[in-house]
Amino acid sequence: MDVKRRTFLLGTVSYAVVGCSPANQRSSTPPSLDATAHSEPIPPASSVTSATSEPTPSVEPDPTPSRSVGSDRTSRKALIRRYSGKRPNAWGEAVPRVVRRLPTKDRVVALTLDACGGRTGSGYDAKLIELLRRERVPATLFVNARWIEANPRKLRRLAEDPLFEIANHGTAHRPLSVTGRSVYGISGTTSVADVVDEVTVNQRLLTKLTGVAPAFFRSGTAYYDDVAVRVVSDLGLRVVNFNVLGDAGATYSTSQVASAMLTSTSGSIILAHMNRPSRGTAEGIEAALPKLRKRGFRFVRLSEYLR
Ligand SMILES: [Zn+2]
């Protein structure tokens, strides 16, 4: 479909300004969500919406709810009813149902790049994106609503490039908790309703802006409790983390990034960042690329191995 015709609508959702993930997150400002956003069902993952050139409010209720996500079973109200009062049994980056590597023995690795947004996290690593384009390295880009707000044209260019697929990195970039747990000094979501909003407000925004509903979700900080993960699953998205910490929140030097990348094995999912161009991420990936290829690895997008 013609993505150029898609309209970018950014004025109707307000976002909290919190830090970036994971090593440099320190703020705990709660999110400010548009209350009217709650009534609209979100499209199912992988669906395609029709392009429009008419600016319409991005949170206007949809009169024809989609079949799966947004149906009665997965409405905000139904999810609150189903999961409120459920006590989490796990908390962290590796709780049940969180995908941390691709289910394959093929010599493939998936590079995933977060764009976290916020006051210090809304940059754009042009050198890294140019490298991936030059070397034909596909990647899955996890984009936060605050980053979109700062970079609407860049998001459009990235979404138009078939080398990349766009995934959901949350609305206010918060750890996903039903009880308000924190990590790295960042307050998590505090309830099932809060979890739903953290996922669905950005899901609607990305769907509207790119014409494609993301299939994958990763929270700000990549922390979850197990109840929150079940809520995301019911919304029709896979929660995807990583087993290779590629740049530690874009704090690694070039050689540290390269060393981390070279720990990859078959099916590894690498986490790095595309929003902090002053760090060693681009150079580190550039240094590791030929070595990984020499070892027989091919880069893939998540959707090539995950459904
Ligand atoms: Zn992030």
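Brief remarks follow.
- For the stretch 232-307, accessible area per residue (1.4 Å probe, heavy atoms of protein chains only), Å²: 37
- Quarter of Cα convex hull surface for the stretch 246-307, i.e. mean projection, nm²: 4.3
- Cross-link partners of LYS208 among lysines (Cα-Cα below 23 Å; sequence separation of 8 or more within a chain): LYS4, LYS77, LYS154
- Alpha-carbon centroid distance for the pair the stretch 198-265 / the stretch 102-162, whole angstrom: 11
- Peptides ranked, highest mean first, by Cβ atoms within 10 Å: ranges 238-246, 88-96, 171-179: 171-179, 238-246, 88-96
- Sorted peptide list for 191-201, 129-139, criterion being average Cβ within 10 angstrom, highest first: 191-201, 129-139
- Over all other residues within a Cβ to Cβ distance under 15 Å of VAL178, the charged ones net out to +3, with Lys and Arg as +1 and Asp and Glu as -1.
The values are calculated or read from the model by the stated rules, or taken from the named source; none is laboratory data. Everything numeric in this text was worked out from a predicted model, so none of it was measured. For neighbour counting, all protein chains shown are included, and Cβ atoms are generated from backbone atoms with ideal geometry for every residue, glycine included. To get the accessible areas, we keep the full protein, side chains included, count just its heavy atoms, and leave off ligands, DNA and RNA. Shrake-Rupley method; radii C 1.70, N 1.55, O 1.52, S 1.80 Å.
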